[in-house]
Amino acid sequence: MKFFVDTADTAEIEELAAAGLIDGVTTNPSLIHKSGKNFLEVTREICALTPGPVSAEVLALDHEEMMREAEHLRKIADNVCIKVPLTLEGLKTCKALSDEGTMVNVTLCFSANQALLAAKAGATFVSPFVGRHDDNGLDGMGLLRDIRLIYDNYAFDTQILVASVRHPIHVLESARIGADVATMPAKVIKSLVNHVLTDKGLEGFLADWAKTGQTIG
Ligand code: G3P
């Protein structure tokens, strides 16, 4: 499963990229707002930090205007992936952009039927929001399982990009289900390293090493 980091914070991206932990980046208007930076400028900076896909979201609601915005965004770098909402206008835009060979991430997916539409429109990625699904008393992982089954039934190439990932169990379950990508806040990626037995084991080794009185080099 590929890991994308869900942020517009370049320091976070640099840190994770240095550890080889990320395969791409996703942003959204809320994350751009949080960064306090200019959308096009920060997207350019992010694209230079990773060779992987960098999702940048259009804000328009109609197809023509989405295409116009996408034109600006895709000029930024070859690894820009245009993010469109799961609406009819978004799907129309997805189809047009994918036909031209541009990567598209169809976002705000909350049902398996919506994911089916995204695949039919040629999406590179579909983003089911599992955390927000759970927040509303729905079964985020059940949604993923349905999408995986449907995509496999018909051999759709669209990659399942799990979004709104809130904690390590979401990551574990997504990997079990066979999601292609999980996009997560940096803090969730970092939390995956934690294990009490790793900490305890390291503590024990260091204590015994200190007793040897030795140093390396
Ligand atoms: O980028 C979309 C998604 O990952 C948002 O997550 O936590 O705001 O529901 P969240």
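Just so you know, all these numbers are worked out from the coordinates, no wet-lab data involved. Fair warning: this is a prediction, and the values are worked out from it, not measured in the lab. Cβ sites come from the backbone with ideal geometry, for glycine too, and all protein chains shown count toward neighbours.
For the chain, what is the relative contact order in percent, using Cα pairs closer than 8 Å and at least 6 residues apart in sequence?
Values: 371 pairs, mean separation 36.8, N = 217.
It rounds to 17 percent for the chain.
With θ set to phi - 60°, apply the Karplus curve 6.51 cos²θ - 1.76 cosθ + 1.60 along the stretch 65-78 and write out the HN-Hα couplings as whole Hz, x wherever there is a Gly or Pro.
So the Karplus estimates, Gly and Pro as x, are 5, 4, 5, 5, 5, 4, 4, 5, 5, 6, 6, 4, 6, 5 Hz.
Stretch residue 30-residue 193 to full length: gain in nm at 0.36 nm per residue minus the Cα-Cα span? Intermediate results must be reported in sequence, preceding the final value.
Numbers: separation 163, 0.36 × 163 = 58.68 nm, distance 2.70 nm.
Gain in length upon complete extension: 56.0 nm.
Suppose every Lys and Arg Cβ carries +1 and every Asp and Glu Cβ carries -1, with no other charges. What dipole size does the chain come out with about its Cα centre, to the nearest 20 debye?
Details: 20 positive and 29 negative charges, 61 e Å.
Taking the Cα centre of the chain as origin, the dipole is about 300 debye.
Take the Cα pairs of the chain, get the Kirkwood Rh, then feed it into Stokes-Einstein at 20 °C and 1.002 mPa s and tell me D in µm²/s.
Details: Rh = 18.3 Å.
For these conditions, the coefficient is 117 µm²/s.
Calculate the FRET efficiency for residue 77 and residue 1 from the Cβ-Cβ distance with a Förster distance of 35 Å, rounded to the nearest 0.05.
The calculated FRET efficiency here is 0.90.
How far is it, in nm, from the label point at residue 157 to the one at residue 11 when both lie 7 Å from their Cα along the line to the Cβ?
Label at residue 157, label at residue 11, 4.0 nm between them.
Pick out, from 42, 5, 123, the residue whose Cα sits farthest towards the positive end of the charge dipole of the chain, with +1 on the Cβ of Lys and Arg and -1 on the Cβ of Asp and Glu.
About the Cα centre, the residue reaching furthest to the positive side is 5.
Residue 59 versus residue 113, label points 7 Å from Cα toward the beta carbon: distance in nm?
3.2
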